[in-house]
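First the structure, in the form of structure tokens, and then the observations on it.
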Amino acid sequence: MMKKILLVVTNVDQYASGYLKTGLWLSELTHIYHAAKELGWQMAIASPKGGNTPVDPESLKPLVLDGISKKYYENPEFMDELAHTKSLDAVKNESFDCIYLAGGHATMYDFPDNITLQTMLRDQYENSKMVAAICHGVGGLLNVKLSDGEYMIKDKNITGFDWFEETLARRKNEVPFNLEAALKERGVHYKKAFIPMTSNVVVDGHLITGQNPFSSKEMAKVVVRELEK
């Protein structure tokens with residue numbers, strides 16, 4: 001059955017310090033994109049402001065640039081899509097089977113406080129439709145409140161990039177907040193992989209979260225599996 005997915009990406013290209021570049025972590029988009037494309041599903045790529053989505057240069061390094069991501073990075077049509085994303089305002093009234101928040105440190109700046117994104121995620125969740133987020137994209141769930149005023153993620157099983165992984169990524173002094181601590185403040189049941197930087201995907205009803213870039217492949221499989229149920 002044909003499904004329709006909204007893939008949400010960032011517009012931010014550097015940390016607040018201005019010293020380092022950031023952006024979308026490529027594999028966190030390409031694996032779900034590839035899986036949906038193979039199935040002939042409909043997809044839209046949107047960002048808070050619309051327009052260009054910068055790719056984090058760290059996600060293009062040989063150790064992390066897997067075959068699928070490399071293929072899409074070298075595909076002019078796909079890269080053109082990233083250069084001309086729709087704005088969230090342009091898609092906010094459309095209906096999607098899944099809203100998927102791709103990560104990258106950049107999302108910590110333009111996802112958490114975006115009111116349009118919060119409203120879309122609340123409506124999606126309250127209509128029992130899938131909300132999925134990976135790595136730092138999980139930060140986009142932090143401030144979503146349901147109609148009853150409770151945080152959407154309260155008491156949910158959730159994962160996301162943990163603080164030790166931030167140390168390993170050497171970004172502790174660059175990031176605007178500690179994602180793991182922020183999630184715990186919202187009263188989530190935080191679930192992390194036993195070994196840092198290994199795949200971990202957590203499903204809680206129609207809420208699906210992935211811990212880090214190494215969860216990209218499994219995340220795509222789980223989202224597809226859950227949508228096909």
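Among all residue pairs at least 6 apart or on different chains, which show Cβ distances below 9 Å where the first residue, located in segment 50-65, is more than 11 Å from LEU26 (Cβ to Cβ) and the second is buried (at least 16 other Cβ atoms within 10 Å of the Cβ) and of a type in the set (Val, Ile, Thr)?
Every condition considered, the pairs that remain are GLY50/THR85; GLY51/THR85; ASN52/THR85.
Of all residues being free of Cβ contacts under 8 Å to residues at least 60 places away in the same chain and surrounded by fewer than 22 Cβ atoms within 10 Å (Cβ to Cβ) in segment 125-143, which is nearest to the chain's Cα centre (by Cα)? Just the residue, please.
ASN143
Residues being part of a helix (DSSP H, G or I) and under 14 Å from VAL224 (Cα atoms): count how many of those fall in segment 31-64. Lay out the reasoning, then the answer.
Of the residues in segment 31-64, the ones part of a helix (DSSP H, G or I) are 31-38, 57-60.
Next, from what is left, pick out any that are under 14 Å from VAL224 (Cα atoms): 31-38.
Looking only at that region, the number is 8.
Sort out which residues of segment 152-179 are surrounded by 19 or more Cβ atoms within 10 Å (Cβ to Cβ) and closer than 14 Å to CYS135 by Cβ, and write them in order of number. Let's see the steps before the verdict.
Restricting attention to segment 152-179, the residues satisfying the condition of being surrounded by 19 or more Cβ atoms within 10 Å (Cβ to Cβ) are 152-153, 156, 158-162, 165-166, 175, 179.
Correct list: ILE158, THR159, GLY160, PHE161, ASP162, GLU165, GLU166, VAL175, LEU179.
Scan segment 65-72 and give yes if some residue there is within 21 Å of THR22 (Cα to Cα), in a helix (DSSP H, G or I) and of a type in the set (Asp, Glu), otherwise no.
Taking every residue of segment 65-72 in turn, none turns out to be within 21 Å of THR22 (Cα to Cα), in a helix (DSSP H, G or I) and of a type in the set (Asp, Glu).
I'm checking my understanding of the structure. Among residues of segment 71-88 that are over 18 Å from the mean Cα position of the chain (by Cα) and charged (D, E, K, R), which one is surrounded by the most Cβ atoms within 10 Å (Cβ to Cβ)?
Among those residues, the one meeting the criterion is LYS71.
Could you please let me know if LYS156 is farther than 23 Å from HIS31 by Cα, in contact with a strand residue (DSSP E or B) (Cβ under 6 Å, 6 or more places away or on another chain), modelled with pLDDT of 95 or more and not aliphatic (A, V, I, L, M)? Outline the logic, then answer.
On the way: farther than 23 Å from HIS31 by Cα: yes; in contact with a strand residue (DSSP E or B) (Cβ under 6 Å, 6 or more places away or on another chain): yes; modelled with pLDDT of 95 or more: yes; not aliphatic (A, V, I, L, M): yes.
Here the answer is yes, as LYS156 does meet what is asked.
Taking segment 43-70 only, how many residues are surrounded by 13 or more Cβ atoms within 10 Å (Cβ to Cβ), within 23 Å of GLU218 (Cβ to Cβ) and of a type outside the set (Val, Ile, Thr)?
9
Working only within segment 94-105, note down all residues that are within 24 Å of GLU180 (Cβ to Cβ) and either free of Cβ contacts under 8 Å to residues at least 12 places away in the same chain or touching a strand residue (DSSP E or B) at 6+ places or on another chain (Cβ under 7 Å) (or both). Break it down into steps so the answer makes sense when it comes.
Step one: of segment 94-105, the residues within 24 Å of GLU180 (Cβ to Cβ) are 99-105.
Those that are within 24 Å of GLU180 (Cβ to Cβ) and either free of Cβ contacts under 8 Å to residues at least 12 places away in the same chain or touching a strand residue (DSSP E or B) at 6+ places or on another chain (Cβ under 7 Å) (or both): ILE99, TYR100, LEU101, ALA102, GLY103, GLY104.
Of all residues in segment 179-229, which are among the aliphatic types (A, V, I, L, M), at negative phi and assigned to a loop (DSSP other than H, G, I, E, B)?
Restricting attention to segment 179-229, the residues satisfying the condition of being among the aliphatic types (A, V, I, L, M) are 179, 181-183, 188, 193, 195, 197, 201-203, 207-208, 219-220, 222-224, 227.
If we keep only those that are at negative phi as well, we get 179, 181-183, 188, 193, 195, 201-203, 207-208, 219-220, 222-224, 227.
Hits for segment 179-229 are VAL188, ALA193, ILE195.
With the requirement that a residue be surrounded by 21 or more Cβ atoms within 10 Å (Cβ to Cβ), outside any loop (DSSP other than H, G, I, E, B) and in contact with a strand residue (DSSP E or B) (Cβ under 6 Å, 6 or more places away or on another chain), what does segment 10-28 give you? If you could, list the steps in order and put the result at the bottom.
Of the residues in segment 10-28, the ones surrounded by 21 or more Cβ atoms within 10 Å (Cβ to Cβ) are 10, 12, 22-28.
Of the ones still in play, those that are also outside any loop (DSSP other than H, G, I, E, B) are 24, 27-28.
Listed by number, the residues that qualify are LEU24, GLU28.
The values are calculated or read from the model by the stated rules, or taken from the named source; none is laboratory data. Given the structure is predicted, the values throughout are model-derived calculations rather than measurements. Note: ideal-geometry Cβ built from the backbone for every residue, glycine included; neighbour counts use all protein chains shown.
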